[in-house]
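The values are calculated or read from the model by the stated rules, or taken from the named source; none is laboratory data. None of these values were measured; they are calculated from a predicted model. Cβ placement follows ideal geometry from the backbone for every residue including glycine, while neighbour counts extend to all protein chains displayed. Remember, those area values only see protein heavy atoms, side chains included, never the ligands or the DNA or RNA. Shrake-Rupley method; radii C 1.70, N 1.55, O 1.52, S 1.80 Å.
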Amino acid sequence: MPLPFLTADRAFDAIAEDTALPFDDHDSWRRPYRPGPWRVAAAAALLLLASFVLLAAMIIAFAGSASAGGTCFALAVVVIVCALRLLRVGAWVSRHGVRRVGFFRTTTVPWQRATALRTVQQPVKWLGLPRTVQGQALVVARGNGEQVPLVTDHDADFLARAEAFERAADTIEAWGAEYRVG
(Lines give C-alpha, C1' and ligand atoms only; values in the text may rest on other atoms or scores of the structure.)
Protein backbone atom coordinates (compact mmCIF):
# COMPACT_ATOMS: atom_id res chain seq x y z
CA MET A 1 0.00 0.00 0.00
CA PRO A 2 1.63 3.27 -1.05
CA LEU A 3 1.70 6.02 1.54
CA PRO A 4 1.10 9.58 0.27
CA PHE A 5 3.91 11.35 2.06
CA LEU A 6 7.28 12.71 1.05
CA THR A 7 10.45 10.98 2.11
CA ALA A 8 13.47 12.84 3.34
CA ASP A 9 15.48 12.60 0.15
CA ARG A 10 12.92 12.62 -2.68
CA ALA A 11 9.23 12.83 -3.45
CA PHE A 12 7.10 9.71 -3.35
CA ASP A 13 7.20 7.73 -6.64
CA ALA A 14 10.25 9.70 -7.81
CA ILE A 15 12.77 7.70 -9.79
CA ALA A 16 15.88 7.01 -7.75
CA GLU A 17 18.87 8.05 -9.81
CA ASP A 18 22.52 8.00 -8.89
CA THR A 19 23.03 11.64 -9.83
CA ALA A 20 24.94 14.03 -7.64
CA LEU A 21 22.83 16.41 -5.65
CA PRO A 22 23.44 20.13 -6.30
CA PHE A 23 24.82 20.67 -2.81
CA ASP A 24 27.25 17.75 -2.99
CA ASP A 25 30.86 18.70 -2.48
CA HIS A 26 32.85 17.67 -5.56
CA ASP A 27 36.11 18.03 -3.63
CA SER A 28 35.33 15.10 -1.35
CA TRP A 29 35.67 11.49 -2.47
CA ARG A 30 32.36 9.79 -3.26
CA ARG A 31 31.29 6.50 -4.78
CA PRO A 32 29.11 7.25 -7.85
CA TYR A 33 27.07 4.06 -7.36
CA ARG A 34 25.56 2.04 -4.55
CA PRO A 35 27.32 -1.03 -3.16
CA GLY A 36 25.99 -4.22 -4.72
CA PRO A 37 23.99 -6.92 -2.95
CA TRP A 38 26.88 -9.40 -2.91
CA ARG A 39 29.14 -6.91 -1.15
CA VAL A 40 26.48 -5.90 1.35
CA ALA A 41 25.57 -9.54 2.07
CA ALA A 42 29.21 -10.48 2.68
CA ALA A 43 29.68 -7.53 5.04
CA ALA A 44 26.46 -8.38 6.87
CA ALA A 45 27.60 -11.99 7.30
CA LEU A 46 30.93 -10.77 8.70
CA LEU A 47 29.16 -8.45 11.12
CA LEU A 48 26.89 -11.31 12.23
CA LEU A 49 29.98 -13.45 12.84
CA ALA A 50 31.53 -10.58 14.81
CA SER A 51 28.46 -10.35 17.04
CA PHE A 52 28.76 -14.04 17.90
CA VAL A 53 32.47 -13.66 18.61
CA LEU A 54 31.74 -10.65 20.86
CA LEU A 55 29.14 -12.69 22.73
CA ALA A 56 31.68 -15.49 23.14
CA ALA A 57 34.25 -12.96 24.38
CA MET A 58 31.82 -11.71 27.00
CA ILE A 59 30.99 -15.24 28.18
CA ILE A 60 34.65 -16.22 28.32
CA ALA A 61 35.58 -13.03 30.21
CA PHE A 62 32.82 -13.54 32.79
CA ALA A 63 33.84 -17.18 33.19
CA GLY A 64 37.16 -16.03 34.54
CA SER A 65 39.64 -16.06 31.66
CA ALA A 66 40.27 -12.41 30.88
CA SER A 67 43.13 -13.06 28.47
CA ALA A 68 41.07 -15.47 26.35
CA GLY A 69 38.16 -13.01 26.42
CA GLY A 70 40.49 -10.25 25.27
CA THR A 71 41.72 -12.46 22.43
CA CYS A 72 38.13 -13.10 21.30
CA PHE A 73 37.39 -9.39 21.55
CA ALA A 74 40.44 -8.58 19.39
CA LEU A 75 39.31 -11.17 16.83
CA ALA A 76 35.85 -9.55 16.73
CA VAL A 77 37.43 -6.12 16.14
CA VAL A 78 39.46 -7.54 13.24
CA VAL A 79 36.30 -9.05 11.69
CA ILE A 80 34.45 -5.73 12.06
CA VAL A 81 37.32 -3.81 10.44
CA CYS A 82 37.32 -6.33 7.56
CA ALA A 83 33.56 -5.87 7.06
CA LEU A 84 33.90 -2.10 6.98
CA ARG A 85 36.84 -2.27 4.58
CA LEU A 86 34.86 -4.61 2.33
CA LEU A 87 32.11 -1.99 2.12
CA ARG A 88 34.62 0.68 1.04
CA VAL A 89 36.00 -1.37 -1.87
CA GLY A 90 35.17 0.12 -5.28
CA ALA A 91 35.73 3.17 -7.43
CA TRP A 92 35.61 6.64 -5.86
CA VAL A 93 35.69 9.94 -7.73
CA SER A 94 36.26 13.58 -6.87
CA ARG A 95 37.38 16.73 -8.60
CA HIS A 96 40.97 15.62 -7.93
CA GLY A 97 40.87 12.22 -9.67
CA VAL A 98 39.61 8.68 -9.59
CA ARG A 99 40.49 6.21 -6.86
CA ARG A 100 40.25 2.42 -6.94
CA VAL A 101 39.94 1.18 -3.38
CA GLY A 102 40.85 -2.48 -2.97
CA PHE A 103 40.73 -4.57 0.17
CA PHE A 104 44.48 -4.27 0.77
CA ARG A 105 45.54 -1.50 -1.61
CA THR A 106 44.28 1.85 -2.89
CA THR A 107 45.31 3.37 -6.23
CA THR A 108 44.63 7.02 -7.04
CA VAL A 109 44.95 8.47 -10.53
CA PRO A 110 44.70 12.28 -10.77
CA TRP A 111 42.61 13.49 -13.71
CA GLN A 112 45.67 15.24 -15.16
CA ARG A 113 47.49 11.88 -15.48
CA ALA A 114 44.49 10.00 -16.90
CA THR A 115 44.79 9.80 -20.67
CA ALA A 116 41.67 7.71 -21.30
CA LEU A 117 38.71 6.31 -19.41
CA ARG A 118 36.83 3.59 -21.27
CA THR A 119 34.91 0.34 -21.00
CA VAL A 120 36.72 -2.64 -22.54
CA GLN A 121 35.99 -6.32 -23.10
CA GLN A 122 38.59 -8.42 -21.29
CA PRO A 123 38.96 -11.34 -18.90
CA VAL A 124 37.87 -10.15 -15.44
CA LYS A 125 37.91 -11.76 -12.01
CA TRP A 126 34.63 -13.26 -10.84
CA LEU A 127 33.77 -11.74 -7.42
CA GLY A 128 37.45 -10.90 -6.94
CA LEU A 129 38.43 -14.58 -6.86
CA PRO A 130 41.25 -16.02 -8.98
CA ARG A 131 38.74 -17.46 -11.49
CA THR A 132 38.47 -15.25 -14.59
CA VAL A 133 35.57 -14.94 -17.00
CA GLN A 134 35.01 -12.85 -20.10
CA GLY A 135 33.40 -9.56 -19.15
CA GLN A 136 33.58 -5.79 -19.23
CA ALA A 137 35.83 -3.55 -17.20
CA LEU A 138 36.01 0.20 -16.83
CA VAL A 139 39.70 1.07 -17.04
CA VAL A 140 41.59 4.31 -16.68
CA ALA A 141 44.77 4.64 -18.75
CA ARG A 142 47.63 6.50 -17.13
CA GLY A 143 50.11 8.64 -19.00
CA ASN A 144 52.75 5.87 -18.84
CA GLY A 145 50.44 3.42 -20.67
CA GLU A 146 49.41 1.45 -17.58
CA GLN A 147 45.71 0.60 -17.38
CA VAL A 148 44.06 0.50 -13.95
CA PRO A 149 40.75 -1.42 -13.85
CA LEU A 150 38.23 0.50 -11.74
CA VAL A 151 35.12 -1.70 -11.78
CA THR A 152 34.04 -4.82 -13.65
CA ASP A 153 30.66 -6.30 -14.46
CA HIS A 154 31.53 -9.44 -12.46
CA ASP A 155 32.63 -7.89 -9.17
CA ALA A 156 30.57 -7.85 -5.98
CA ASP A 157 28.82 -4.60 -6.92
CA PHE A 158 27.60 -5.53 -10.40
CA LEU A 159 27.34 -9.33 -10.68
CA ALA A 160 24.13 -10.06 -12.63
CA ARG A 161 23.36 -6.31 -12.75
CA ALA A 162 24.48 -5.24 -16.22
CA GLU A 163 22.31 -2.12 -16.25
CA ALA A 164 23.80 -0.91 -12.97
CA PHE A 165 27.32 -1.47 -14.35
CA GLU A 166 26.53 0.56 -17.46
CA ARG A 167 25.05 3.38 -15.38
CA ALA A 168 28.06 3.44 -13.03
CA ALA A 169 30.53 3.34 -15.93
CA ASP A 170 28.72 6.20 -17.64
CA THR A 171 28.75 8.22 -14.42
CA ILE A 172 32.47 7.72 -13.86
CA GLU A 173 33.19 8.53 -17.51
CA ALA A 174 31.13 11.72 -17.13
CA TRP A 175 33.24 12.73 -14.12
CA GLY A 176 36.33 12.06 -16.22
CA ALA A 177 35.03 14.10 -19.14
CA GLU A 178 34.26 17.00 -16.82
CA TYR A 179 37.55 17.13 -14.90
CA ARG A 180 40.14 15.51 -17.16
CA VAL A 181 42.46 17.92 -18.97
CA GLY A 182 42.93 17.30 -22.68
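For the reader, a short list of remarks on this structure follows.
- Over the stretch 106-148, the fraction of Cα-Cα pairs per 10 Å bin, rounded to whole percents and listed from the shortest bin up, is 27, 45, 26, 1.
- Folded to 0 to 90 degrees: helix 37-62 orientation relative to the chain principal axis, Cα: 20 degrees
- What you get for the chain, charging only the Cβ of Lys and Arg (+1) and of Asp and Glu (-1), is a dipole of about 680 debye around the Cα centre.
- For the chain, the longest principal axis of the C-alpha atoms and the axis of helix 162-179 are separated by about 60°.
- Charge sum, other residues only, whose C-beta stays under 13 Å from Gln147's C-beta, Lys/Arg counted +1 and Asp/Glu -1: +3
- Converting the Cα gyration tensor eigenvalues of the stretch 94-182 into ellipsoid dimensions via √(5λ) gives semi-axes, longest first, of 22, 14, 12 Å.
- 5 angstrom amide H check on Gly135, placed H, neighbours 5+ away: Gln122, Val124
- Contact order normalised by residue count of the chain, Cα under 8 Å, 6+ apart, percent: 18 percent
- Near Pro37: Cβ cut-off under 11 Å, other residues only, Lys/Arg at +1 and Asp/Glu at -1. The net charge is +2.
- Sites Val120 and Asp27 - FRET efficiency at Förster radius 41 Å, r taken between beta-carbons, to 0.05: 0.90
- Nitroxide proxy distance, nm - points 7 Å out along Cα→Cβ at Arg95 and Thr132: 3.9 nm
- Charge-dipole axis of the stretch 45-182 as Lys and Arg at +1 and Asp and Glu at -1 on Cβ define it, positive-most pick from Pro123, Ala76, Val109: Val109
- Close amide H pairs (under 5 Å, H built 1.01 Å from N) link Arg118 with Val139, Ala141, residues at least 5 positions away or on another chain.
- Largest-first principal axis extents of the Cα set of the chain (Å): 66, 52, 33
- Note, ³J(HN,Hα) from phi for the stretch 135-140, Karplus 6.51, -1.76, 1.60, rounded to Hz, x at Gly and Pro: x, 10, 9, 8, 10, 10
- Around the amide H of Val151, modelled in the peptide plane, lie the amide H atoms of Leu138, all under 5 Å away and 5 or more residues distant in sequence or on another chain.
- Here each label is just a point 7 Å from Cα along the line to Cβ, and for Ala160 and Asn144 those points are 4.0 nm apart.
- For the stretch 102-182, the per residue solvent-accessible surface stands at 55 Å², with DNA, RNA and ligands left out and a 1.4 Å probe.
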